[in-house]
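Note sheet for the following structure.
Read the figures in this text as sums done on the coordinates, not as results from a lab. Because the structure is a prediction, the values reported are computed rather than measured. For neighbour counting, all protein chains shown are included, and Cβ atoms are generated from backbone atoms with ideal geometry for every residue, glycine included.
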């Protein structure tokens, strides 16, 4: 954080006790990525014997491609991921989707206005953003007793050197129709969904979820999973060009929905709103604090935390994350660089998946003392010319990050003397 103070400054380096949410390598843009939809259905004769399941296999089933004849998919869910073995005309092809690439799954019934192979989530061609369709939006087709499981994943794809690597959103649709009643089919689909949720959250899969026979399958209830605490989202609508709220609603919230991440959203109303919020509120009801904006709003949050008498407990129990929508997004880019992630093409999705993953890494915090104030900083500390550029360029906030080079030229042309 920059400061125009001219008083002597004392800086102390604090221990690495502040944690920041990070995640696996992510790079994708909804308007640039392709959406792959694989529609598969099982049948009354496709049920596999439990004895065929390997030691590391959680669930296994055979599905048929809805639109292609003589094409069979053997789908196996393991602790490492989803294994798809395609058998077509005597030729086999295997594809593995890593469990770390899967963000969530939803189970629902087909409606009358959707085609058998359609997916409830897909790209909106006009707005070029993710469109989420409510499962109760249309009237359900009572003649179809099938249950549909939609699995959402972001798979890493490698391209030519110029394009590098990026992640493409993939939706895998599994249609369960082995039973004559929808209730039985949806129970089977929910069993797969529950197993996926356990594996995604690194929790053991309950024994009743694994297949042990048709009788037990119908009678055994699907065990509920203890849902984690929600996350607190503090959004600065004035950050950067002023589009943080729009970016959150179109790019971040749909992914939270796919991953079933609960959150409480608070929009800042004035300067230091986030600072005052975390200083006085009971923040232990949330498992993480995520800011949507630039580095400035995270600066407010960190200083608000250290103004609490229980700050040591806070930084040990609550993690912090950032979704970059500001003029200065140095921290988000630094995290991506440390993880060797391509960042520039889609910082929104990268940071959103960072939050979803729940992984953390330590971050250094610096304590700065002047004759008037005590403040806490991360990344850099500026004084003199650098601080003037940072603070005075606020009047050009509407143009985004370009405000910094423009104001740098202005200050160099009218160079001041600092003592």
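The order of 78, 313, 71, going from fewest to most other C-beta atoms within 10 Å of their C-beta, is 313, 71, 78. If you plug the beta carbon distance of residue 419 and residue 265 into 1/(1 + (r/R0)^6) with R0 = 51 Å, you get a FRET efficiency near 0.65. On the basis of the beta-carbon distance and an R0 of 30 Å, residue 80 and residue 338 show a calculated FRET efficiency of 0.75. Evaluate E = 1/(1 + (r/R0)^6) for residue 72 and residue 226, where r is the Cβ-Cβ distance and R0 equals 30 Å; express this FRET efficiency to the nearest 0.05. Computed FRET efficiency for residue 72 and residue 226 comes out at 0.25. Once the chain from residue 201 to residue 386 is taken as fully extended at 0.36 nm per residue, the excess over their C-alpha distance is 62.3 nm.
Going by a ≥ b ≥ c, the root eigenvalues of the Cα gyration tensor, does region 227-363 fall in the rounded group (a/c under 1.5), the prolate group (a/b larger than b/c) or the oblate group? Because its axes are fairly even, with a/c under 1.5, region 227-363 counts as rounded. Shown for 415, 156, 199: other C-beta atoms within 10 Å of each C-beta, ranked fewest to most, produce the order 415, 156, 199.
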